[in-house]
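Q: Questions regarding the structure given below will be posed in turn.
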Amino acid sequence: MINIVLFGKPGAGKGTQAEFLKEKYNLTHLSTGDIFRFNLKNDTELGKKARVFMDNGELVPCEVTTAMLIDEVKKHPDTAGFLFDGYPRTINQAEALDKFLPTIGSSVTATIALEADDEILVARLLERGKTSGRADDQDEEKIRVRYQEYNEKTAPLIGYYKEQNKFHAVNGIGTIEEITERLTSVINNL
Ligand SMILES: Nc1ncnc2c1ncn2[C@@H]1O[C@H](COP(=O)(O)OP(=O)(O)O)[C@@H](O)[C@H]1O
């Protein structure tokens, strides 16, 4: 089983690249953002718990997110592997994943970060907000909160995975194809 964690700031292109990688490597794509948005739209119990946090650009509490993620993983017992997109986002979540995966005989294979400058990313998000309908992409204040959350809570994961020799960084600026190519070359060399 191959488990890839796609890592990067909001707007870095994780979702876009995940679409290509899941096909190429036959992986199950789990995007916590997409799962939350689905639950919000359908007004489920989970959606109700997540809404306030998401609307403010804050992280949803770890207990809620981790329980949801584990449920999703368990739905795919026969998969060739997972492409985690948007999870883990805190050290607490990374530890939870490192505890859970061995219970299904697996582990994180590698973490790949898509890197890009903040100004480029904020511009991308505002552009996406014009068509995506995502409230958190239309408001610069909310985008700012998401970057603050990233810097405080998610950035420490770089050190966490470096210590395990599982961290790889890829330049996230270029055409979609160029970036897919860069990611593919990292995965093929694992
Ligand atoms: N692993 C997670 N832990 C906590 N909250 C999360 C997680 N993944 C997604 N969320 C919630 O969903 C929102 C949108 O997620 P996502 O689409 O991945 O955002 P972004 O484009 O900002 O990277 C986040 O701002 C957060 O509220």
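Bear in mind these aren't lab numbers, they're just calculated from the coordinates by the rules spelled out. For clarity, every value in this text was computed on a predicted model and none was experimentally measured. Neighbour counts run over all protein chains shown; Cβ positions are idealised from the backbone, glycine included.
Q: What number comes out for the charge environment of His29, summing +1 per Lys or Arg and -1 per Asp or Glu over other residues with Cβ under 11 Å away?
A: Its environment carries a net charge of -3.
Q: Enter the Cα centre distance for the pair region 16-44 and region 53-98, rounded to the nearest angstrom.
A: A separation of 11 Å, based on Cα centres.
Q: Additional query: Give me Rg over Rh for region 10-56, both radii from the alpha carbons and Rh done the Kirkwood way, two decimal places.
A: In region 10-56, Rg relative to Rh is 1.08.
Q: Cut-off is 10 Å between beta-carbons; in what order do Thr175, Thr111 appear when sorted fewest neighbours first?
A: Thr175, Thr111
Q: Got a sec to turn the phi values of region 48-58 into Karplus ³J(HN,Hα) couplings, 6.51 cos²θ - 1.76 cosθ + 1.60 with θ = phi - 60°, whole Hz, x for Gly and Pro?
A: 5, 5, 8, 3, 4, 5, 4, 4, 8, x, 8
Q: Then there is this: Starting from the 7 Å offset along Cα-to-Cβ, what nm value, one decimal, do you get for the label separation of Thr16 and Ala135?
A: If labels sit at Thr16 and Ala135, their model points lie 2.6 nm apart.
Q: What's the extension gain from Val145 to Ile176 if we count 0.36 nm per residue and subtract their Cα-Cα distance?
A: Here the segment from Val145 to Ile176 would lengthen by 8.5 nm.
Q: Determine the dipole magnitude for the chain: charges of +1 sit on the beta-carbon of Lys and Arg, -1 on that of Asp and Glu, nothing else is charged, the reference point is the Cα centre, and the result goes in debye to the nearest 20.
A: With only Lys, Arg, Asp and Glu charged at Cβ, the dipole is about 320 debye.
Q: Another question about this same structure. Taking springs between alpha-carbon atoms closer than 10 angstrom, which of Gly86, Gly159, Gly13 fluctuates most in the Gaussian network model of the chain?
A: Between Gly86, Gly159, Gly13, it is Gly159 that shows the largest mean-square fluctuation.
Q: Whole-Hz Karplus ³J(HN,Hα) for region 163-176, in order, using 6.51 cos²θ - 1.76 cosθ + 1.60 and θ = phi - 60°, x for Gly and Pro?
A: After applying 6.51 cos²θ - 1.76 cosθ + 1.60, I find 4, 8, 6, 10, 9, 10, 10, 10, 5, x, 9, x, 6, 4 Hz.
Q: Along the charge dipole of region 2-188, pointing to its positive end and built from +1/-1 on Cβ of Lys, Arg, Asp and Glu, which listed residue (Val122, Pro88, Gln148) has its Cα farthest out?
A: After comparing all options, I get Pro88.
Q: Extension gain Glu119-Phe38, at 0.36 nm per residue separation less the Cα-Cα distance, in nm?
A: 26.3 nm
Q: Starting from the Cα-Cα distance between Asn189 and Glu127, subtract it from 0.36 nm times their residue separation and give me the gain in nm to one decimal.
A: Contour length minus the Cα-Cα distance gives 18.9 nm.
Q: Can I ask one more? HN-Hα J couplings of region 182-190 from phi, Karplus 6.51/-1.76/1.60, θ = phi - 60°, integer Hz, Gly and Pro as x?
A: Values per residue, Gly and Pro as x: 5, 5, 4, 5, 5, 5, 5, 9, 6 Hz.
Q: To continue, here is another question. Which order do Phe167, Phe100 fall in if you start with the one that has the fewest other Cβ atoms within 10 Å?
A: Ranked by crowding around the Cβ, least crowded first: Phe100, Phe167.
Q: Provide Tyr25, Tyr87 in ascending order of the number of other Cβ atoms located within 10 Å of each residue's Cβ, fewest first.
A: Tyr25, Tyr87
Q: What is the set of long-range amide H partners of His29 at a cut-off below 5 Å, with H atoms built 1.01 Å from backbone N?
A: Those qualifying (amide H under 5 Å, at least 5 residues apart or on another chain) are Leu83.
Q: Could you tell me the convex hull volume per residue, in Å³, taken over the Cα atoms of the chain?
A: Spread over its residues, the Cα hull of the chain gives 115 Å³ apiece.
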